[in-house]
1. Any idea how far apart residue 23 and residue 55 come out in nm if each label point goes 7 Å out from Cα toward Cβ?
2. For the full complex of protein chains and a 1.4 angstrom probe, list 230, 274 by accessible area with the highest value first.
3. Determine the dipole magnitude for segment 1-131: charges of +1 sit on the beta-carbon of Lys and Arg, -1 on that of Asp and Glu, nothing else is charged, the reference point is the Cα centre, and the result goes in debye to the nearest 20.
4. Each residue of segment 283-289 in turn: what ³J(HN,Hα) in whole Hz from Karplus with 6.51, -1.76, 1.60 and θ = phi - 60°, glycine and Pro shown as x?
5. Output wanted: per-residue J couplings in Hz (rounded whole) for segment 45-61, from phi through Karplus 6.51 cos²θ - 1.76 cosθ + 1.60, θ = phi - 60°, x for Gly and Pro.
6. Which of the peptides 234-245, 130-141 is most tightly packed, and how do the rest follow, judged by the mean count of other Cβ atoms within 10 Å per residue?
7. May I ask you to compute the full-extension gain from residue 276 to residue 257, defined as 0.36 nm times their residue separation minus their alpha-carbon distance, rounded to one decimal in nm?
8. State, to one decimal in nm², a quarter of the convex hull surface area for the C-alpha atoms of segment 24-116, i.e. the direction-averaged projected area.
Amino acid sequence: MLPSAIGTVIAVQANFYQVQLLNGQQLLCTKREKLKKIGTKVMVGDVVTVADWQSERGVITTVAERRNELDRPPIANVDCIMLVFALAEPAIDPLLLSKFLVKAESTDIPVQLCLNKCDLLSVAEQEQWIARLSAWGYPPILISTLTSAGLSALQEQLRDRMTVLAGHSGVGKSSLINQLIPDLDLRVAAVSGKLNRGRHTTRHVELFNLPTGGLIADTPGFNQPDLTCYPTDLPTYFPEIRSQLPSNCQFNDCVHQGEPGCVIDREWERYPHYLEFLAEAIKYQQQVINQKQPDAQWKQKTNKLEPLLAAKRYRRVSRRSQTQGLPDLTEDSTEDD
Ligand code: GDP
Ligand code: ZN
C-alpha cells in the first residue's frame with residue numbers, strides 16, 4: 001500500500017495543490033474525486049491528508065475543519081495578521097492605522113503591528129510610538145530592513161505559526177520579505193526584477209517557509225478599507241473597550257457613546273476614532289436593512305432615538321461565522337504595473 005500523510009496546502013494553481021508534509025517534503029497533489037463530488041473546497045492553509053504519494057505526487061483525500069478562513073486573500077487557518085506600517089516615509093496616519101486595525105480585528109484572528117523604518121526616528125521618538133500604540137492595545141515590533149534592527153524579535157514572533165503580512169505599498173514589505181527569505185528574492189527577482197510584482201495583479205496566494213521557522217503569506221498593498229461591520233460588533237474590535245468589559249452598561253447592546261447608564265470610560269486616545277467608525281457602522285447597518293426590508297427604514301425614521309434597537313430585530317451574522325477579508329485588494333491591483 002502507498003503511504004498517506006498529513007500536510008499543509010501552501011499553494012493552489014488551477015486543479016493542483018502544493019502540499020508540504022510535516023517533514024518538509026513538498027508534493028504536487030490533485031483532489032480525490034469524492035471531494036470534488038461533495039464540493040469540498042481546498043484552499044491555501046488547509047490541513048489535508050494526502051494518500052498514494054510517491055515521486056513527489058499525491059492525492060488529497062480529506063480536508064480538516066478550518067479554524068478560520070480569510071476571504072481576501074483566500075487563506076485558511078491563519079495564526080496572526082501582521083500589519084506592516086512605516087514609522088516615517090510615509091508617516092503614520094493614526095486614523096488610517098486605526099481603521100486597518102479594526103478591519104483586521106473583525107477577522108477574529110490575532111493582530112500584530114510591525115513598524116518598519118525605525119532608523120528614520122530618534123530613540124526617543126521610537127519610544128513614544130511604542131508607548132502610544134501599546135496604550136491602544138498593540139505593542140508594536142519596531143524594525144528596520146535597512147539596519148536589520150528588530151529583525152530577530154520579529155523572526156521570533158513569526159516562528160512556528162502562519163502569518164499573513166499586510167501593508168500599504170511603500171512601507172517596505174518587499175524589503176522585509178527579502179530579508180526574511182533571502183532565497184525567495186533570487187527566485188522572484190529572476191522573473192520580474194521586483195518581488196511581488198507579478199502577484200500584485202492577481203489574487204494568487206502562496207505560503208513561504210521562513211528559514212527561521214514559520215510560514216508567511218504576502219498580500220498585495222491595499223487601499224483604505226471600508227468598515228463593513230455592525231455597530232454592536234465595533235466595541236469588540238477595540239482593545240481599549242474590551243479591557244473594560246464585562247461591565248454593566250445599561251443595555252446589552254450599548255455602543256458606548258454616552259448613553260445613560262454606560263460605564264465605559266471615554267478618556268482614551270482612539271475614542272474619537274471609535275465614534276467615527278461607529279457612524280460608518282450605523283450607515284452600513286442601515287444599508288443592509290434597506291436591502292433586506294424596504295419598510296425598515298420607515299420604522300427607523302419614526303424611532304429616531306433608538307435606531308439600533310430598531311435594527312436589532314434583524315439577525316446579524318455572528319462574528320465567528322463570518323468569512324472575512326482583509327481590505328479589498330482589487331482596486332490596488334494595477335498600482336504597480
Ligand atoms: P513595499 O512597497 O512595501 O514593498 O516597499 P519596498 O520594500 O519596495 O520599499 C519602499 C521604499 O522604502 C524603498 O525605497 C526602500 O528602500 C525603503 N525602505 C524599506 N525599508 C526601509 C527601512 O528600514 N528604512 C528606510 N529608511 N527605508 C526603507
Ligand atoms: Zn456602554
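The values are calculated or read from the model by the stated rules, or taken from the named source; none is laboratory data. Treat the numbers as computed from the prediction; the structure is a model and nothing was measured. Cβ atoms come from the backbone with ideal geometry, glycine included; neighbour counts cover every protein chain shown. Please note that ligands, DNA and RNA were not included when accessible areas were found on the heavy atoms of the full protein model with its side chains. Shrake-Rupley method; radii C 1.70, N 1.55, O 1.52, S 1.80 Å.
1. 1.9
2. Details: 230 25, 274 0 Å².
Per-residue accessible area, sorted high to low, gives 230, 274.
3. Values: 13 positive and 15 negative charges, 177 e Å.
For segment 1-131, the charge dipole is close to 840 debye.
4. Coupling constants for segment 283-289: 4, 4, 4, 4, 4, 4, 5 Hz.
5. With the stated coefficients, segment 45-61 comes to x, 5, 9, 10, 9, 10, 10, 6, 8, 7, 6, 6, 10, x, 10, 6, 10 Hz.
6. Values: 234-245: 17.9, 130-141: 16.3.
Ranking the peptides 234-245, 130-141 by packing returns 234-245, 130-141.
7. On the way: separation 19, 0.36 × 19 = 6.84 nm, distance 1.08 nm.
Extra length available between residue 276 and residue 257 comes to 5.8 nm.
8. Values: hull surface 32.5 nm².
Average projection, Cα convex hull of segment 24-116: 8.1 nm².
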